[in-house]
Amino acid sequence: MRDEVMEYYPIFLDVKDRRCLVVGGGAVGTRKAFGLARAGARVIVVSLGFSDELSNTPLDGITLKKKEFQDSDLDGMSLAFAATDNMQLNARIRQAAQKKNVLCNIADGRDKGDFILPAVVDRGELLFAVSTCGASPALSRRLRMEIESGFGPEYGMLAALLGRIRAILLEREHDPKAHRKIFCALLDANLPGMIAAGQTLQIDAVLARILGDGFSLEMLMPEFDTREL
């Protein structure tokens, strides 16, 4: 075990149906609110004003409250985001959150708060998260751009495809020890390139060769169309 101490513990949180508070209705608060809502959270945004995006949001998961922040706004919250342009107010939000044992993120960059948000590349069931622990947001953005260019949407489809295969093998009580060999063979078969090129027949051939007759892209993922990538 290494002696180095990590500044943060990396983790992916399931916030589905959890109440999360965002204080601040500007550009930063808007990004936080939409990101949380896309992850299934029930988001409450408290602010004296809201961006046009928030004011016209069609998302049911976002509730706007036009008011000044009060400590009681934190009651029942799983996470809090201090996203105002007022450093003193952000600090007060975090202090109030600490008293209520609510983890708080501060968006002004001067105080990292209890947690920070990484630069994210979203490929559906495949998520990349990059962080420099607040040392250099510019480096995080650069790395995110490189990941985006190197791993297109075909990798998200690949992750979903492998997930379906794994679920079927487990349902059939397939020997888990044999999974490694199967998935290594699938990963060595250049499936991302075939998916990106829309080569359905070639993908089906790979699936049949490694998994056996009856396995095909249409059977495993009827809702996906490689032409949409």
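What's the exposure ranking of 81, 183, 69, 50, going from fewest to most Cβ atoms within 10 Å?
Lowest count first: 183, 50, 69, 81.
For Cα extents along the principal axes in Å, one of [x] 63, 49, 35; [y] 69, 39, 29; [z] 54, 42, 31 was computed from the structure I shared and the rest are decoys. Which label?
Read-out from the structure maps to [x].
What FRET efficiency comes out for the pair residue 190/residue 17, r = Cβ-Cβ distance, R0 = 35 Å, nearest 0.05? Write out the running numbers ahead of the final one.
On the way: r = 39 Å, r/R0 = 1.12.
Here the calculated transfer efficiency is 0.35.
Of the candidates 53, 171, 125, which one comes out as most mobile in a Gaussian network treatment of the chain with C-alpha springs shorter than 10 Å?
Checking each option, the largest mean-square fluctuation is seen for 171.
Please list, in order along region 44-58, the HN-Hα scalar couplings obtained from phi with the Karplus expression 6.51 cos²θ - 1.76 cosθ + 1.60 (θ = phi - 60°), rounded to whole Hz, x for Gly and Pro.
Listing the rounded values in order: 10, 10, 10, 5, 7, x, 10, 5, 4, 4, 6, 4, 10, 5, x Hz.
Restricted to Cα positions, what overall size does region 8-114 have along the principal axes? Three whole-Å values, descending.
Projected onto its principal axes, the Cα set of region 8-114 covers 32, 29, 24 Å.
Return the percentage of antiparallel bridges among DSSP beta bridges fully within the chain, rounded to the nearest 5 %. Present the calculation step by step, with values, prior to reporting the outcome.
Values: 6 of 24 bridges.
Looking only at bridges with both residues in the chain, the antiparallel portion is about 25 percent.
If you fit an axis through the alpha-carbon atoms of helix 153-171 and take the longest principal axis of the Cα set of the chain, what angle between them do you get, 0 to 90°, nearest 10?
Approximately 70 degrees, to the nearest 10.
Which value in Å is the Kirkwood Rh of region 82-138 over different Cα pairs? Working shown, then result.
Values: mean 1/r = 0.0794 Å⁻¹.
About 12.6 Å for region 82-138.
Report the full-extension gain for the segment residue 75 to residue 27: residue separation times 0.36 nm, less the Cα-Cα distance, to one decimal in nm.
Working: separation 48, 0.36 × 48 = 17.28 nm, distance 2.46 nm.
Extending this stretch completely gives an extra 14.8 nm.
Where is the GNM fluctuation largest for the chain (alpha-carbon springs, 10 angstrom cutoff): 184, 104, 20?
184
Per residue of region 78-89, what does 6.51 cos²θ - 1.76 cosθ + 1.60 with θ = phi - 60° give for ³J(HN,Hα)? Whole Hz please, x for Gly and Pro, Karplus curve as stated.
Those phi angles translate into 8, 9, 10, 10, 8, 10, 9, 9, 10, 4, 5, 5 Hz.
Give me, ordered by chain and number, the residues 5 or more places off residue 81 or on other chains with an amide H under 5 Å from its own placed amide H.
Those qualifying (amide H under 5 Å, at least 5 residues apart or on another chain) are 21, 22, 23, 105.
Using Cα atoms only, what is the angle between the long axis of helix 137-150 and the major principal axis of the chain, expressed in degrees (0 to 90) to the nearest 10?
Between helix and principal axis, roughly 20 degrees.
In a Gaussian network model over the chain where Cα atoms closer than 10 Å are linked, find which of 35, 49, 214 has the largest mean-square fluctuation.
So, out of 35, 49, 214, the one fluctuating most is 214.
Collect residues whose amide H, placed 1.01 Å from N in the peptide plane, falls under 5 Å from the amide H of residue 18; neighbours closer than 5 in sequence don't count.
So residue 18 has HN proximity to 42.
Could you work out the helix-only [θ] at 222 nm for the chain, with each DSSP H run of four or more residues adding -39,500 (n - 2.57) and the total divided by the number of residues, to the nearest 500 deg cm²/dmol? Provide the component values of the computation, followed by the final result.
Working: 9 runs with 94 residues, N = 229.
Computed ellipticity for the chain at 222 nm equals -12000 deg cm²/dmol.
Angle check, please: helix 27-38 long axis (alpha carbons) against the longest principal axis of the chain (alpha carbons), in degrees 0 to 90, nearest 10.
Roughly 40 degrees, rounded to the nearest 10.
Taking the convex hull of the Cα atoms, report for region 1-58 its projected area averaged over all directions, in nm².
The Cα convex hull of region 1-58, projected and averaged over all directions, gives 5.4 nm².
Rule-based calculations on the coordinates, nothing more; no lab input. Quantities reported herein were computed from a predicted structural model and do not represent experimental measurements. Neighbour counts are summed over all protein chains in view; Cβ atoms, including those assigned to glycine, are modelled from backbone coordinates with ideal geometry.
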